[in-house]
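**Student:** This is the structure, below, for whatever I ask next.
Here, each number is a calculation from the coordinates, and none is a lab measurement. Remember, predicted model here, so these are calculated numbers, not experimental data. In this analysis, Cβ positions are derived from the backbone assuming ideal geometry, glycine residues included, and neighbour counts consider all displayed protein chains.
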Amino acid sequence: MSVKHLFRYVDEFTFRLNQGNVKIHTMVRIASMAKGMFGKKLTYKVLIGI
């Protein structure tokens, strides 16, 4: 996770939390998000839509 783009991760997580099933505990959601982002890379081309 890049500090430079941390706000993007936080914004997306906040959106998903607000739209999702509130019965799931917040820490479970955070752990799930962290687990899902390791080993994945967002390239600049994908980020800007080229």
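**Student:** Between Asn18 and Leu47, what's the calculated FRET efficiency when r is the beta-carbon distance and R0 is 30 Å? Round to 0.05. Before the final figure, lay out each step's value.
**Tutor:** Numbers: r = 23 Å, r/R0 = 0.76.
FRET efficiency, Asn18 to Leu47: 0.85.
**Student:** Let me ask you something else. Work out the count of Lys pairs in the chain where the Cα-Cα distance is under 26 Å, with the pair 8 or more places apart or on different chains.
**Tutor:** Lysine pairs meeting both conditions in the chain amount to 6.
**Student:** Which value, in debye to the nearest 20, describes the size of the charge dipole of the chain about its Cα centre when Lys and Arg Cβ atoms bear +1, Asp and Glu Cβ atoms bear -1, and nothing else is charged? Before the final figure, lay out each step's value.
**Tutor:** Working: 9 positive and 2 negative charges, 32 e Å.
The calculation lands at about 160 debye.
**Student:** For region 3-48, what are the per-bin percents of Cα-Cα distances with bins 10 Å wide, up to the bin holding the maximum?
**Tutor:** 21, 54, 22, 3
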